[in-house]
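Below is one structure, written out as structure tokens; comments come after it.
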Amino acid sequence: MKSYHLDHLQHLETEAIHIMREVAGEFERPALLFSGGKDSICLLRLAEKAFRPSDIPMPFLNVETGHEFPELIEFRDRRARQLGAKLIVRTVDQALANGTATQAPGEVSRNKLQIPVLLGAIEEFRFDCAIGGARRDEEKARAKERFFSFRDSFGQWDPKNQRPEIWNLYNGRLNAGENMRVFPLSNWTEMDVWEYIRKEKLEVPSIYFSHTRECFRRGGQWLPVPPPHTDATKPDPYAGARPRPNEPVQTMVCRVRTIADMISTGMIASPANTVDDIIGEVAAARVTERGSRADDKASEAAMEDRKKAGYF
Amino acid sequence: MSASSLSPLPSPVAGGSVASSARAPVPVVDILRLNTCGSVDDGKSTLIGRLLYDSKSLMEDQIESLERSADITGGGQINLANLTDGLRAEREQGITIDVAYRYFATPRRKFIIADTPGHVQYTRNMVTGASTANLAIVLVDARAGVIEQSRRHTAIASLLRIPHLVVAINKMDLVGWSEARYNEIREQFEEFLPRLDIKDVKFIPLSALNGDNVVTPSPHTPWYVGPTLLGHLETVHIASDWNLNAFRLPVQWVNRPNNPTDPRLHDFRGFSGQIAGGIVKTGQKVMALPGGVISTVKEIHTYEGPVTEAFCPQSVSVVLEHDVDVSRGSMLVGVDSLPGGGTELHAKICWMHPRPLVRGKKYFLKHTTSTVQAVVTEIEHRLDMATLESVPNPTELAVNDLGEIRIRTAKPLFYDGYATNRLTGSFILIEQGTNATVGAGMLLPPTEVVRSEHQDYAI
Ligand SMILES: Nc1nc2c(ncn2[C@@H]2O[C@H](COP(=O)(O)OP(=O)(O)O)[C@@H](O)[C@H]2O)c(=O)[nH]1
């Protein structure tokens, strides 16, 4: 007898494709958040699966902190070109320059500053929906996130007042100024993402694989040494993120497990240089993926606070 | 096929060897979605924490964070419940206020847990968590036995047609591991189960706090011969949970390439959607609803290329032989198994909003991929949760009420009874103005099947 059976990746895939097409069907001006990271790489493949042979019916949007790994930017631009998609980039630098964002005194990370930039881009292009690659298994506050996550006209998430989500019937109705974040990978785990990358033979940026890099220890993590400051006419964009005299620099064989920017991403010592190696590492991992991110460590409720303010 | 049909092997998880090798593991075969429910303090969070902890699904930083909060608030005792009580508001109030999803995998299966709250005012969250579940765990505190909440949760599981139910009789350590107490609670359940519609029920005595019968068999229950909770979750048969009988493709999006470079795509018109029931094959006759025009399936497209056959719940794009008027909200159906159709609907409903359901009010109704205007013409009865009896002619349905209603829609709906197909038999009601999702509806079997108003299109 023929077996009409889907394995777990096929299940997650068809669920995500269904969600992508609901977005195309229910929203006027959706965007897809594409950073070049592993989760959004899967999103792109799912978008291809949902919409080919047509064009992917939404532009890609990325918010740059200005502290990105150059490898990631190169990959992001190339991938968008390959897919024939329109890529919109908005930067924290622009927002600082035109005053729509202000850095808290003494704060080095620009993670929080992505919020006003994202909200600004949503307003500028009148996006009514942004598809993101967040997964519920990433972090405690994410575990309560819906597939269709409603945001009020300030872009805020109210965890106590979410729309119930029943069966596969997503309510995408909005009033003017309101907004939806949609997370097709909600049910995917870190392992699923890598298994999918393997199955689909997806290219990922080189920094996911083992390489040699100068790092220093701070806040319990190995942070990468930022690129040298060359343009003396401008202030050092990495001021505060450079190793201090009491933070000796070490050359490490390492890779990233999850990518924020160079300031918030901890490197992990690893010899993994194939997707198979990485899957092996994920299987054997003893800390969560976000254990290597400085932005979540700030407080127990760090992610929850950022989401309420309009974070992805 | 899924490993669930094989005889049980010793679980590598219970043996503690999971993920200890650096070799890439063999892909897990399938996914079990489960939902946990119980009253506040029955031990739900502890149970989930225990499942994650004992199946070695926890990472060092999660354990560290548990230990950190144990030092601060718990007098050094790790509190497994903290693992799942994610939001700060909950930590402050000490109750789970919303649905949270947890993921873990054993070499046999991948699990998605919807952790749904037990507090009386949050039935809507249980409905949310349970709507996609294969299995529900209803927790009972062995000291308290069956209470109104247990009945309510079981009734919701039955209403939503969750195929499998586990009654986890927890805190057995606090009743001296008494077999008599276990049997007593079991009998309390069996008293009302016949009034519900659940085929597969399993009772398991356990202690979430100490881990007895969760992942490892308990030395305290020699009188219990069944599997541990995880053992049961790993082996319960879920292969037949999708409807493969009657082809249904609700159209989500019409795929029409803009200025394609490939000349073969100039006239490409694919109807994209997730198959909500049955199997479709090229050459098969299908009816397009509304309209009732019959055509033949010319091609079935996937990203990997054309296929000759596809089945529920795959996502595909179907190309028809004829130029048929089909758009988002249309449904392609097999001609040998037509759905019901009409504007007068009869449904069970769970009300989810503080503003009650009232007769005569207009709502939006979303069913598969189509959204129409609808008005509730009659509230036939409300289900009394304490007695599971129907109370006829209530004036309204309040939040967390379950009842039966009649609805009229502005345009016909093409549907199946919920008992036949969860995807084509369900709908949500959306309040106009606020756009809040206010109700979850389950359609009763149609009284009339759609009829083709047209001659066979393919002459
Ligand atoms: N003695 C005993 N206590 C338990 C057991 N399971 C949970 N508890 C305790 O019951 C209380 C409530 O548990 P919790 O998991 O927070 O319940 P929830 O509200 O259902 O999530 C906590 O103090 C737990 O330690 C058990 O099997 N035996």
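The values are calculated or read from the model by the stated rules, or taken from the named source; none is laboratory data. These numbers come from a predicted model, not from an experiment. In this analysis, Cβ positions are derived from the backbone assuming ideal geometry, glycine residues included, and neighbour counts consider all displayed protein chains.
The test for being without any contact (Cβ under 8 Å) to a residue 60 or more places away in the chain and within 24 Å of the chain's Cα centre (by Cα) does not hold for A:HIS229.
Please find, within region B:398-431, the residue that is surrounded by the most Cβ atoms within 10 Å (Cβ to Cβ) out of those that are under 21 Å from B:GLY360 (Cβ atoms) and within 9 Å of chain A (Cβ to nearest Cβ). Filtering region B:398-431 for residues that are under 21 Å from B:GLY360 (Cβ atoms) and within 9 Å of chain A (Cβ to nearest Cβ), the one surrounded by the most Cβ atoms within 10 Å (Cβ to Cβ) comes out as B:PHE427. Note on region A:195-243: residues that are basic (Lys, Arg) and in contact with a strand residue (DSSP E or B) (Cβ under 8 Å, 6 or more places away or on another chain) total 2. Residues of region B:432-446 being buried (at least 17 other Cβ atoms within 10 Å of the Cβ) and among the small types (Gly, Ala, Ser), which ones? Listed by number, the residues that qualify are B:ALA436, B:GLY439, B:ALA440, B:GLY441. The residue list B:ALA239, B:ALA208 contains one member that is within 14 Å of chain A (Cβ to nearest Cβ), over 30 Å from B:ILE294 (Cα atoms) and either surrounded by 19 or more Cβ atoms within 10 Å (Cβ to Cβ) or more than 16 Å from the ligand (Cβ to nearest atom) (or both), which is B:ALA239. Summed over region B:373-397, the residues that are surrounded by 15 or more Cβ atoms within 10 Å (Cβ to Cβ), part of a strand (DSSP E or B) and in contact with a Phe, Trp or Tyr (Cβ under 7 Å, 6 or more places away or on another chain) give a count of 2.
Of the strands (runs of 3 or more DSSP E) contained entirely in region A:98-182, those carrying at least 1 residues that are among the hydroxyl-bearing types (Ser, Thr, Tyr) and under 20 Å from A:PHE60 (Cα atoms) fall at A:148-151. Listed by first and then second residue, the pairs linking a residue in region B:32-47 that is over 15 Å from B:LEU206 (Cα atoms) and more than 9 Å from the ligand (Cβ to nearest atom) to a residue that is aromatic (Phe, Trp, Tyr) and part of a strand (DSSP E or B), with Cβ atoms under 7 Å apart and 6 or more places separating them unless they lie on different chains, are B:LEU32/B:PHE111; B:LEU34/B:PHE111.
Evaluating A:VAL204 against the criteria (1) of a type outside the set (Asp, Glu); (2) without any contact (Cβ under 8 Å) to a residue 40 or more places away in the chain; (3) not in a strand (DSSP E or B) leaves one unmet condition, (2).
Each row is one residue, and each column tells you yes or no for (1) in contact with a Gly (Cβ under 8 Å, 6 or more places away or on another chain); (2) surrounded by fewer than 21 Cβ atoms within 10 Å (Cβ to Cβ); (3) not small (Gly, Ala, Ser).
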residue: B:ALA246; (1), (2), (3): yes, yes, no
residue: B:VAL251; (1), (2), (3): yes, no, yes
residue: B:ASN255; (1), (2), (3): yes, no, yes
residue: B:THR261; (1), (2), (3): no, yes, yes
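In the condition set (1) more than 12 Å from chain B (Cβ to nearest Cβ); (2) in contact (Cβ under 8 Å) with a residue 40 or more places away in the chain; (3) not basic (Lys, Arg), A:PHE27 is compliant with all but (1).
Restricting attention to region A:115-153, the residues that are crowded, with 23+ Cβ neighbours inside 10 Å and touching a Ser or Thr at 6+ places or on another chain (Cβ under 6 Å) add up to 3.
I'd like to know if region B:298-305 contains one or more residues that are more than 9 Å from chain A (Cβ to nearest Cβ) and modelled with pLDDT under 95.
Yes.
Checked against the criterion of being assigned to a strand (DSSP E or B), at pLDDT 95 or above and under 23 Å from the mean Cα position of the chain (by Cα), region B:352-359 contains not a single residue that satisfies it. Taken residue by residue, region B:207-224 has no member that is under 30 Å from B:MET331 (Cα atoms) and among the small types (Gly, Ala, Ser). Filtered by the rule that a residue be loosely packed, with under 15 Cβ neighbours inside 10 Å and at pLDDT 90 or above, region A:83-114 gives A:GLY84, A:LYS86.
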